[in-house]
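So the structure is just underneath, and the comments pick up after that.
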Amino acid sequence: MIVRRKWLVVSLAVATLAVGGPTRRAAAQDHAKDYPNQTVKIVVPFVAGGGVDVVARIIAPRLGEELGQSVIIENRGGAGGMLGAAAVAQSPPDGYTLLLGTGSTHGTNSSVYSKLGYDPVRDFVPVVLVSTSPLLLVVRPSLPAKSVSELIALARSKPGQLSFGSYGTGSINHLAAELFNSMARTSTNHIPYRGSAPALTDLIGERLDYTFDGVSTSLGYIQAGTIRLLGVAAPDRTPVLPGEPTIAESGLPGFDTMVWFGLFAPAGTPKSIVDAVNRKANAVLASAQVKDSFAKLGFQAVGGSPDVLARKVQTEMQKWADLVRERSIHLEQ
């Protein structure tokens with residue numbers, strides 16, 4: 001499927017990515033010894049109010065305390081996260097502009113879109129994996145499937161008749177459903193929406209059969225009984241819903257689709273600065289207050305070395321590249 005879109009602003013933003021590279025790195029090295037001595041900015045590549053933004057605003061004040069400087073949030077939404085990511089990619093590599101990247105900016109987008117405006121590996125330095133959260137497989141209340149295996153059986157008995165919703169073509173929950181179909185050898189119809197809310201509205205209203213959705217947006221409906229949870233799309237059971245089985249243990253071994261966020265710095269950022277931010281961020285993520293705030297949203301604090309995030313990016317990019325190629329899901333700017 002090819003959908004044509006024009007992200008002119010992204011293309012323009014990238015024109016200067018390669019300009020002044022050595023000069024930027026030299027200037028960053030000059031300031032590395034007294035880092036940080038000014039406000040640090042975390043760019044959230046999505047609009048305010050979403051999950052990425054909320055997580056950023058949980059960690060920012062704590063990170064500021066650890067660094068001894070103010071940490072502010074700048075929302076630069078647009079083009080599926082590409083606009084904000086491209087802006088950080090061309091920022092000075094001095095540790096004062098960071099990106100809270102996601103599984104979209106550094107996982108799926110490189111396969112789904114023909115042009116990003118940045119290279120998720122070459123143009124960034126991984127700092128720390130901040131958090132993960134599983135997607136949940138939820139169905140309309142009256143769907144005659146009470147488990148993952150029953151949903152697979154139902155879909156196989158009615159090829160092309162069941163429908164699933166997504167946040168839009170190429171979104172993480174679209175790809176999750178396509179991965180489900182690929183692994184389960186089922187065929188269902190994709191209905192793209194403009195976000196989670198309208199998809200859940202149609203699911204509750206029995207106009208949609210199932211969808212994959214985030215914990216923070218669907219948990220209330222699950223608890224109210226207006227939608228039904230079949231499985232958790234994580235390798236292990238989630239602490240938020242400890243009694244609910246994973247999709248992997250319920251009929252689809254190996255299924256794993258997580259929402260994840262990580263801090264990135266522009267390529268060329270001195271290692272001493274990356275290590276300093278990593279160390280302070282790990283202290284933030286280890287705090288009980290942050291863990292509790294994350295848990296209420298269905299997120300789990302992760303942390304670790306920059307290599308943990310680097311491996312996450314590599315694994316995700318390869319995983320989704322294979323699926324996008326298999327399912328022919330492409331978007332052209």
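The values are calculated or read from the model by the stated rules, or taken from the named source; none is laboratory data. As the structure is a prediction and not an experimental result, all values here were calculated from the model. Here the Cβ is made from the backbone with ideal geometry for all residues, glycine too, and neighbour counts use every protein chain on show. Please note that ligands, DNA and RNA were not included when accessible areas were found on the heavy atoms of the full protein model with its side chains. Shrake-Rupley method; radii C 1.70, N 1.55, O 1.52, S 1.80 Å.
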**Complete:** Computed over the chain: longest principal axis from alpha-carbon atoms vs helix 215-224 long axis, angle to nearest 10 degrees, is 30 degrees
**Asked** Under a point spin-label approximation (7 Å from Cα along Cα-to-Cβ), what is the E74-E249 distance to one decimal in nm?
**Response** 4.5 nm
**Item:** Three principal axis lengths of the chain [C-alpha, angstrom, descending]
**Value:** 65, 44, 30
**Message:** Rounded to the nearest angstrom and ordered from largest down, what semi-axes does the equivalent ellipsoid of the stretch 38-84 get from its C-alpha gyration tensor (root of 5λ)?
**Reply:** 21, 11, 6
**Whole-Å semi-axes of the stretch 105-180's equivalent ellipsoid (Cα gyration tensor)** = 33, 15, 9
**Request:** Calculate how steeply helix 148-157 sits against the longest principal axis of the alpha-carbon atoms of the chain, using the helix alpha-carbon long axis, and give the answer as 0 to 90 degrees to the nearest 10.
**Result:** 60 degrees
**Fill in**
Taking only protein heavy atoms and a 1.4 Å probe, the highest-to-lowest accessible-area order of R311, R122 is R122, R311
**Asked** Per residue, how much space in cubic angstrom lies within the convex hull of the C-alpha atoms of the stretch 275-329?
**Response** 91 Å³
**Message:** Keeping every protein chain present and rolling a 1.4 Å probe, give me the accessible area per residue for the stretch 175-333 in Å².
**Reply:** 43 Å²
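Let me make sure I get this right: for the stretch 178-264, a, b and c are the square roots of the gyration tensor eigenvalues over alpha carbons, sorted descending. Under 1.5 in a/c it's rounded, otherwise prolate if a/b > b/c, else oblate. Which is it?
rounded
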**Fill in**
In deg cm²/dmol, rounded to the nearest 500, the helical mean residue ellipticity at 222 nm of the chain, built from -39500 (n - 2.57) for every DSSP H run of length 4 or more, is -12500 deg cm²/dmol
**Asked** Using the C-alpha atoms of the stretch 192-333, what convex hull volume per residue, in cubic angstrom, is computed?
**Response** 160 Å³
**Message:** Can you compute the equivalent ellipsoid semi-axes for the stretch 160-201, i.e. the square root of 5 times each eigenvalue of the Cα gyration tensor, sorted largest first and rounded to whole Å?
**Reply:** 18, 11, 7
**Asked** In the stretch 250-301, carbon and sulfur make up what percent of the accessible area (probe 1.4 Å)?
**Response** 55 percent
**Members of K33/K280; K158/K319; K115/K312; K291/K312; K41/K271; K271/K319 lying beyond 25 Å, as alpha-carbon distances in this model show** = K158/K319; K271/K319
**Complete:** Relative contact order of the stretch 188-284 (C-alpha contacts under 8 Å, at least 6 apart) in percent is 15 percent
**Item:** Net charge of neighbours whose Cβ lies under 15 Å from the Cβ of V232, counting Lys and Arg as +1 and Asp and Glu as -1
**Value:** -3
